[in-house]
Amino acid sequence: MGKRRKPSPPSRARLAALTTAMAGGAVLASGTAHAEPTPTLASVKEQVDQLNEEAEQSVERYNGFQAKQQKLQGEANRIQEKVARGQEAMNELRTRLGAVAADQYRSNGMDPGIQLMLDSDPAAYLERASVQNQVAGSQANLLKQAQDEQRKLDQDRAEAAATLAELDTVGASLGTQKNQIQTKLAQAQALLNKLSAADRARINAQESADKAKAAAQQAAAADRASRSAERPGTNTPAPPAAGGRAAAIVQFAYAQLGKPYGWSMTGPNSFDCSGLTGAAYRAADIKLPRMSQDQWNAGTRIARGDLQPGDLVFFYGDLHHVGIYIGDGKMIHAPRTGKNIEVLPIGVMPYMGAVRP
C-alpha cells in the first residue's frame, strides 16, 4: 500500500482570491438583506398628502400665533407710550413739589409768632401767612396727585412687563410652528425625491395639468362674469352677477384661481386657506379673524342644505381647512404647498360645517 500524499497548502494568491470572493459575497448578502424597497407612487402620495395635511395644521397654528403677536406688539407699544407719558407727568409734579418745598423752607425758617412781633406791618404779615396756608394746602394736593400718578405708573410698568413677557413666549411658539412646517415640507420633498424618474415625471405632469385646469377655470370665470351668464357645458358655477356682499366675496375668490398656495400668506400673489377667505371677505368690507378655527366662530352656523355662495365651509375635526362656497356643491380654496387655488367639490374632504359671517 502506497503512502497517501498530503495535500499541498493553498498559495497566497489563491487565499487572496478566496478571501475577496467571500468578502464580496458577504457584502452582497448584507446589501440584499438591508436594501430598502423602492417606494411606490401610491405609497409616496399617501405619505406626502399626510405630511402636507400636518403642515397645514401647523400653518393655522402659526397664523394664530402671528395674529396674537401682532396684537400683543400693538398693546405693548400703547402701554409703553402710556408709561412714557406717566413718567413725564411725574417729573413735572416732582419739579413743582420741589419749588413749593424750597419756598416753604425760605419762609418758615422763623417761628410764626416771632415773625408777627418783629414785622413792621402785621397786616401784611397776616396776609402772607394766609397765602402760605394756601400753599401748604396746594402742596398736600400735589403730594396726593404725585402718589396717585406713581401708583398708576407702577401699574402701567407691570402691565408692560407682563405684555412683553407674553410677547416673547408667543414669539418662541411662532418659531416652533415655523420649524414644524418647514420640517414637514422637507420630509414630503425627501419622499418625492425617492421616486423613480418616471414617477416624478407623472407627478410633475399632474401638477402641470392642475395648473392648466386652474388657469382655464379662472379664464372661464372671468368670461362668464363679463357676460353675466354661465357658459354652456361647464360644470363650474358662475360667480353671482348681482351686487351685494356674497357677489363681492365670490367674485374675489374667482379672481384668485390659479394663484399659488403660500403658507401664512394673505395675498395678493399667494394665499393659504384662511388667508384667501379673509381676503375675500375684506373685498366685501368684512373683517374675519386670521385662523380658520376662529373664522368658525365668526358667524351663524349654516346647515349643508342651506348653503349659499359666499358661505365659509370647514373641513377636518380640528377645522384647520376652510374654503368659500360658490354653489352647486363646490368651493374655491387654497389647498396646500405645491398646488394652486382651485375649484373643488366640498365632498372630497371631511366636511365639518359652514358659517355665514
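So here's what we get for this one:
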| item | result |
| --- | --- |
| Flag for Ala280 being at pLDDT 95 or above, assigned to a helix (DSSP H, G or I) and among the aliphatic types (A, V, I, L, M) | yes |
| Qualifying residue in the range 77-92 (condition: assigned to a helix (DSSP H, G or I), at pLDDT 80 or above, within 30 Å of Leu192 (Cα to Cα) and touching an Asp or Glu at 6+ places or on another chain (Cβ under 9 Å)) | no |
| Sole residue being more than 16 Å from Ile249 (Cα to Cα) and either out of contact with any Ser or Thr (no Cβ under 6 Å at 6 or more places or on another chain) or open to solvent by less than 20 Å² (accessible area, probe 1.4 Å) (or both), chosen from Asp285, Asp306 | Asp306 |
| Matching residues in the range 135-184 - criterion: being of a type outside the set (A, V, I, L, M, F, W, C), touching a residue at least 60 places away in the same chain (Cβ under 8 Å) and open to solvent by 40 Å² or more (accessible area, probe 1.4 Å) | Gln150, Lys152, Arg157, Glu159, Glu166, Lys178, Gln180, Lys184 |
| Residue satisfying all of: in the range 47-101; among the polar types (S, T, N, Q) and in contact with a Ser or Thr (Cβ under 8 Å, 6 or more places away or on another chain); surrounded by the most Cβ atoms within 10 Å (Cβ to Cβ) among these | Asn63 |
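The values are calculated or read from the model by the stated rules, or taken from the named source; none is laboratory data. Source: prediction; values computed, not measured. All Cβ positions, glycine included, derive from the backbone under ideal geometry; neighbour counts span all protein chains shown. Keep in mind that these areas ignore ligands, DNA and RNA; they rest on the heavy atoms of the full protein, side chains included. Shrake-Rupley method; radii C 1.70, N 1.55, O 1.52, S 1.80 Å.
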